[in-house]
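Engineer: Here's a structure for you.
The values are calculated or read from the model by the stated rules, or taken from the named source; none is laboratory data. All figures in this text were calculated on a predicted structure; none of them were measured in a lab. Glycine also receives a Cβ, built like all others from the backbone with ideal geometry; neighbour counts cover every protein chain displayed. Surface accessibility is based on the protein's heavy atoms, side chains included, excluding ligands, DNA and RNA. Shrake-Rupley method; radii C 1.70, N 1.55, O 1.52, S 1.80 Å.
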Amino acid sequence: MRTAYRTCPICDAICGLRLSLDNDGRVTSVQGDAADPLSRGFLCAKGASLGALDADPDRLRVPLVRKGDEWLEVSWEEAFQTVDRGLGAVIDEHGRQALAVYFGNPTYHTMAGFMYRTPLTQSLGSRHVYSAATIDQMPKHVSCGLMFGDPFAVAVPDLDRTDYLLILGANPAVSNGSLCVAPDFPRRLKAIRRRRGKVVVVDPRRTRTADLADEHVFVRPGTDAFLLFGIVHALFAEDLVTVDVEVNGLTELRRLAADFTARAVEKVCGVPAAVISRLARELAAAPSAAVYGRIGTCTVEFGTITQWLVDVIAILTGNFDRPGGLMFAKTAHAEIFRTGVPYTQGNWHSRVRELPETMGELPVATLADEIETPGEGQVHALVTVAGNLALSAPNGPRLAAAFGELDFMVCVDPYLNETTRHADVILPPPRILQTPHYDFLEQTIAVRNYTRFSPAIHPLEPNQLSEAEIMAKLVLILSGYGPDVPPAALDEQVIGAILDAMTRIPGSPLAGRGAAEVRDGLRGDSGPELLLDALLKSGPYGLSLAHLLDKPNGVDLGPLRPRLPELVCTESGRVELAPSALTDDVARLRERLAVPAPEFVLIGRRQLRSNNSWLHNVRPLAGGSNRCTLQVNPADAARLGLGGRALVRSAAGEVEVPVEPSDTIMPGVVSLPHGWGQTEAAQQVASAKGGVNVNALTDESVVDTLSGNAVFNGVPISIRPC
Ligand SMILES: Nc1nc2c(c(=O)[nH]1)N[C@H]1C(S)=C(S)[C@@H](COP(=O)(O)OP(=O)(O)OC[C@H]3O[C@@H](n4cnc5c(=O)[nH]c(N)nc54)[C@H](O)[C@@H]3O)O[C@H]1N2
Ligand SMILES: Nc1nc2c(c(=O)[nH]1)N[C@H]1C(S)=C(S)[C@@H](COP(=O)(O)OP(=O)(O)OC[C@H]3O[C@@H](n4cnc5c(=O)[nH]c(N)nc54)[C@H](O)[C@@H]3O)O[C@H]1N2
Ligand code: SF4
Ligand SMILES: [Mo]
């Protein structure tokens, strides 16, 4: 028996886990690590099932190559030769603009994803770069890019010190938080109330989070931009504005808000005018206040405007970059992703729908168009890393059919699933416990400065490649070096380039030192670990990988501290409260003030025992409270005569689902969870569960204009009994 500590890699809570292992290295129990200063013993059912997930017999262990309808297990050599031939043929025939890549949600958590995403993108040499960001949080990046000049300058609610928290479109009691690293979010919410603060939840469903709050406010899906503008209007009208950071555009903002009186917006968002004005007053009066908006405010038609207004309200009420308000984390590793160059977008546009590039990417919502539509720049080959777009993208079924038309597809993924079944080659990364872990990105959005490294618990077997090695091999192949070059060569190149940059940055702890000398001093068992050591040594706390190896329970780096001036990199050097791109989009919002709401709209619903599309095969997580049902308000169900099953139809498609009347959901709204609809027999537990793909209903033709983000909430639908 032995004990090992390790970060749970599944969601943004990055809980510290304490694993007990038997003599054969099998996990016998998983507990939350009580000694961890951030997660303090918390874990959820998914973390508790990490052993089962790791040992899932349906995980792929060797590469697969498809021959017609048959999958062949092959050696890595043969797999990479097939990739080299497949991608090479597409490049030869159609050029590099025929290549596309998709980086899925787990790549935000893996060290390999952090290290090799940029090299892979660069080696592709194509504009067809897609990621989970445009089916998730791109509106936040765009609004931060426009306001602060840095799309990564994402401020988080200072949960542990705030006196007032307004949550919109997030259900952290189930999701455990997102774009806000706060393990045991419910405990932190309860603590706000214990210290006599107030928590208000705005959501079309009375969620578990709403049950923890002082007040729950129903809002019509997709209309938070109106509600928040109503609050902004009230702040100006009642003379409650106190700005204490350097801003431009205050007068323009006031002008923009003029039409969005509480009375005008209540008709659209369904929140009474009196409640809107009261929320404005409460936000202004609280000793400190924070606003937090997530999926329900991002994956909607006015996502960027909504995310902008979240930060605007914090600024107008004097709650930005100060304790208890919205604040920025400071990571243990050097922030190499911050370029200091003012953010721009729309540097190119997608070929078919002319949607703007954001952060070097195009929207997932237009990937099917780009595969299906002939012409120069049509996508003929796709690389996916950790994505299951057949289930996770808007109109997933159309995209899955488009995958079938590709000349070549290669997926880095541990499962044969609804997406990877279309691949020519599947390259499986090793098991979770064989993989070292450090959350480079999550630490940028933590509610407390904090760091933790988890070394691999089990070594790789001789016939295995780490995920970083797999990605490095793809980079080498795409760069024209062929399938036989060892990946370590690329590690050295990537680390060398980063050290070269770090030793030239004035003020960096490595400034003025020789890159070669620093490289000699780096320690780590793999490329990503060496990179981590380099970034810790060039980070602000003077740490190293050796320090973190000594502290398996993590290192507390203290409460968040004000740091806005060091992050703002707009042309003006000030926070832009009314950047022109947003101002232009407000005109589109204003027009909607007069448009009647659809009779029924669809929203999503996350479930405790799953994570998007990929934990459905873990036996201990199957069953229980997770069910793929359509929640309908009982009055609507009675009026429509909905009993056992209903047929739900949208502009994109239709599904048949069991109905679950529930008074937690507001009239005119129905909710269906995402991530269901597994059909691939290779996942024995998941495919036996049934359930439908909600993304057969979501409409890829509608996006948030500014960010290209997909719209999963507020989708117009019709329902009838069947
Ligand atoms: N209707 C609706 N749709 C949604 C959402 C919604 O709220 N409603 N939410 C959206 C959001 S927020 C997101 S982030 C996306 C997620 O959508 P995707 O980015 O497609 O991610 P997942 O569905 O989580 O699928 C993860 C894939 O990665 C694989 N995987 C797991 N771990 C690893 C690993 O360590 N390495 C590699 N290489 N592969 C791994 C899994 O087998 C699976 O194939 O879904 C979006 N889709
Ligand atoms: N258990 C579990 N945890 C997860 C995931 C999972 O699939 N399962 N996925 C992970 C991922 S990738 C992410 S991005 C995070 C997401 O984390 P959250 O954003 O907290 O996730 P959701 O539970 O989708 O919460 C969205 C809420 O918005 C509400 N909503 C829908 N439309 C609107 C609207 O127009 N306005 C308002 N105000 N509310 C609206 C929904 O009813 C729902 O309660 O969760 C992560 N954690
Ligand atoms: S909340 Fe659950 S899934 Fe998320 S990191 Fe913690 S244990 Fe893992
Ligand atoms: Mo997400």
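Engineer: For segment 553-574, does any single residue satisfy the condition of being under 27 Å from Pro151 (Cα atoms), hydroxyl-bearing (Ser, Thr, Tyr) and open to solvent by 10 Å² or more (accessible area, probe 1.4 Å)?
Structural biologist: yes
Engineer: Is it the case, given these coordinates, that Asp136 is within 16 Å of ligand 4 (Cβ to nearest atom), open to solvent by 10 Å² or more (accessible area, probe 1.4 Å) and either in the same structural domain as Ala314 (by TED's automatic domain parsing) or not aromatic (Phe, Trp, Tyr) (or both)?
Structural biologist: The answer is yes for Asp136.
Engineer: Check every one of the helices (runs of 4 or more DSSP H) wholly within segment 364-475 and list those with 2 or more residues that are among the charged types (D, E, K, R).
Structural biologist: 367-372
Engineer: Here is a follow-up. Kindly establish whether Thr344 is at pLDDT 95 or above and part of a helix (DSSP H, G or I).
Structural biologist: no
Engineer: Quick check on Ala79: is it buried (at least 24 other Cβ atoms within 10 Å of the Cβ), over 20 Å from the mean Cα position of the chain (by Cα) and closer than 23 Å to Met471 by Cβ?
Structural biologist: Spelling it out, Ala79 is indeed buried (at least 24 other Cβ atoms within 10 Å of the Cβ), over 20 Å from the mean Cα position of the chain (by Cα) and closer than 23 Å to Met471 by Cβ.
Engineer: Here's another thing I want to ask about it. What's the number of the only condition in (1) at pLDDT 95 or above; (2) surrounded by fewer than 21 Cβ atoms within 10 Å (Cβ to Cβ) that Gly644 fails to meet?
Structural biologist: (1)
Engineer: Also, quick follow-up: With the requirement that a residue be crowded, with 20+ Cβ neighbours inside 10 Å and away from ligand 3 (no atom under 12 Å from the Cβ), what does segment 20-50 give you?
Structural biologist: Once the filter is applied, which keeps residues that are crowded, with 20+ Cβ neighbours inside 10 Å and away from ligand 3 (no atom under 12 Å from the Cβ), segment 20-50 yields only Val27.
Engineer: Can you tell me which residue in segment 150-179 is nearest to ligand 1 (Cβ to nearest atom), limited to those that are of a type in the set (Asp, Glu) and open to solvent by 20 Å² or more (accessible area, probe 1.4 Å)?
Structural biologist: That would be Asp160.
Engineer: Now, a different point. Check Leu474, Leu499, Leu490 and return the single one that is out of contact with any Phe, Trp or Tyr (no Cβ under 9 Å at 6 or more places or on another chain) and either touching a residue at least 24 places away in the same chain (Cβ under 8 Å) or under 25 Å from Leu433 (Cβ atoms) (or both).
Structural biologist: Criteria check complete, one pass: Leu499.
Engineer: Here's a check for you: in segment 580-604, which residue that is in contact with a strand residue (DSSP E or B) (Cβ under 9 Å, 6 or more places away or on another chain) and open to solvent by less than 20 Å² (accessible area, probe 1.4 Å) is nearest to Asp636 (Cα to Cα)?
Structural biologist: Phe600
Engineer: A follow-up question, please. Take the residues of segment 223-270 that are small (Gly, Ala, Ser) and open to solvent by 20 Å² or more (accessible area, probe 1.4 Å): which is farthest from the chain's Cα centre (by Cα)?
Structural biologist: Among them, the one singled out is Ala237.
Engineer: Ok, one more. Can you run down the residue pairs with Cβ atoms below 9 Å, 6 or more apart or on separate chains, where the first is in segment 659-682 and not assigned by TED's automatic domain parsing to the domain that holds Arg208 and the partner is outside any loop (DSSP other than H, G, I, E, B) and aromatic (Phe, Trp, Tyr)?
Structural biologist: Ala682/Trp71
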